[in-house]
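Report on the structure given below.
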Amino acid sequence: MAELKLSESRDLTRIERIGAHSHIRGLGLDSSLEPRAVSEGMVGQTAARKSAGVILQMIKEGKIAGRAVLLAGQPGTGKTAIAMGMAKSLGLETPFAMIAGSELFSLEMSKTEALMQAFRKAIGVRIKEETEIIEGEVVEVQIDRPAVAGAASKTGKLTLKTTDMETVYDLGAKMIEALGKEKVQSGDVIAIDKASGKITKLGRSFSRSRDYDAMGPQTKFVQCPDGELQKRKEVVHCVTLHEIDVINSRTQGFLALFTGDTGEIRAEVREQIDTKVAEWKEEGKAEIVPGVLFIDEVHILDIECFSFLNRALENEMAPILVVATNRGITTIRGTNYKSPHGIPIDLLDRLLIICTQPYTEDEIRKILDIRSQEEDVEMSEEAKRLLTTIGVETSLRYAIHLITAAALACQKRKGKVVEMEDINRVYHLFLDVKRSTQYLMEYQNQYMFNELGDNEEDDSNAMNP
């Protein structure tokens, strides 16, 4: 007889991948917005984190809509980490949209439309809705099936009770089908939405807990509801303006959200939605939650995008804009003019600027410790000291890249803890920017399209970081 194999089922709800910022859990601030030295994955950058904490507090209190913040600093000084920390600290309710400047140029729509969609993704609407529900414990479900098949539809009665009252309801074919689908039986506590007829199983009543000897692990016991059977309940939905736009601009409605085919949305649709949301706000049915739009590599945007941002920030439906750049004084894209960070002066004037500083040796050591834990790599003290020195001499990113590479080298020699020899091995296998540039200088004439002559010493010096 063939051996029966049971397929192994695994829970795939959480994607367990280690990313560059997967160790960030928040901004690492205490209740008085003072930054802790090492907390929630954040290390150092105390001034920048404190500034971000103040912005965060203003966002939570809804006092800063339509403002913009610039995170400026050298590469590898934790700008994206601070933005991620802000996103985690805001919680699930506040929308946080994150895009890279270069994304706008690779979408099948105009740059301004892509920016507008990003803006609308960062504005939430909390809609309050009152629904009538029937909630009670099922005493009995009685379904009468006709004697002759097809002669008449099924009929039935459902007896529901709370601690105070008991009522018998007549059932139609649709309700009988819904009860069958949910496998409702006597002793279950259920809620029925009167408007849609949707049945939700809340659990089994405590009074029936001794009915069976064996029960599944998912059996949940709840108290029998008290009071009236019919209740009014307030339901709160949180959606973004962009989701409302997509649902109203496509014939297939909300299915467009899943296909990702949003396309360009007409201005009239947006105007109507804004008017409707404003009406709901007046009536107290909805409240607007301004979220955060984070644009990384903002220097990639061109003069048209910057003009659009200037105008969009003045709109009353504007989120908080956080932009980040690692450029110094550089040309504004689309013009011949130079400006700090490649951002026009009129937009720079609107920005609250937060600067990040290069990490100290001690801070690099702490970051490498956190990353080693995140990547599940055990490392000896000497190896950590060597890696810290490499981080100071080259860059923090290069040192972080060596952690997993060194762990693989250690695995190859069947070791348990990463030692100095593993770090040394991968250091010689993978070049950093300085050594790579040096190598290019030595062997430049063997590369294609080499145009660097002997008289261009200045350029060669410029390539050395």
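Values quoted throughout were computed directly from the atomic coordinates according to the rules given, and no laboratory measurement underlies them. Worth saying up front: this structure is predicted, and the values here are computed from it rather than measured. Glycine also receives a Cβ, built like all others from the backbone with ideal geometry; neighbour counts cover every protein chain displayed.
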Practice item. Under 1.5 on a/c is rounded, so check that first for segment 53-144, then, if it is not, pick prolate when a/b is larger than b/c and oblate when it is not; a ≥ b ≥ c are the square roots of the alpha carbon gyration tensor eigenvalues. Key: prolate
**Study point:** Relative intensity, log₁₀ I(q)/I(0), of segment 75-203 from a Debye sum that treats every alpha carbon as a point, q = 0.17 Å⁻¹
**Key:** -0.92
Practice item. Within segment 326-411, list the chymotrypsin sites (Phe, Trp or Tyr not before Pro) lying in a DSSP loop whose Cβ has at most 15 other Cβ atoms in a 10 Å radius. Key: Y337
Point to revise | Net charge contributed by nearby residues that have their C-beta within less than 9 Å of A100 (K/R +1, D/E -1) | key: -3
**Study point:** Reachable lysines, given that their alpha-carbon falls under 16 Å from the alpha-carbon of K154 and they are not under 8 places away in the same chain
**Key:** K174, K181
Revision key, fill the gap. Which residues qualify? For A100, with a placed amide H closer than 5 Å and at least 5 residues away or on another chain, they are D296
Practice item. May I ask you to evaluate 6.51 cos²θ - 1.76 cosθ + 1.60, the Karplus curve with θ = phi - 60°, for each residue of segment 49-60 and list the ³J(HN,Hα) values in order in whole Hz, giving x for glycine and proline? Key: 5, 5, 4, 5, x, 5, 4, 4, 4, 5, 5, 4
Exercise for review: For segment 111-196, run through the trypsin sites (Lys or Arg not before Pro) and keep only the ones in DSSP coil with at most 15 other Cβ atoms within 10 Å of their Cβ.
Suggested key: K154, K183, K194
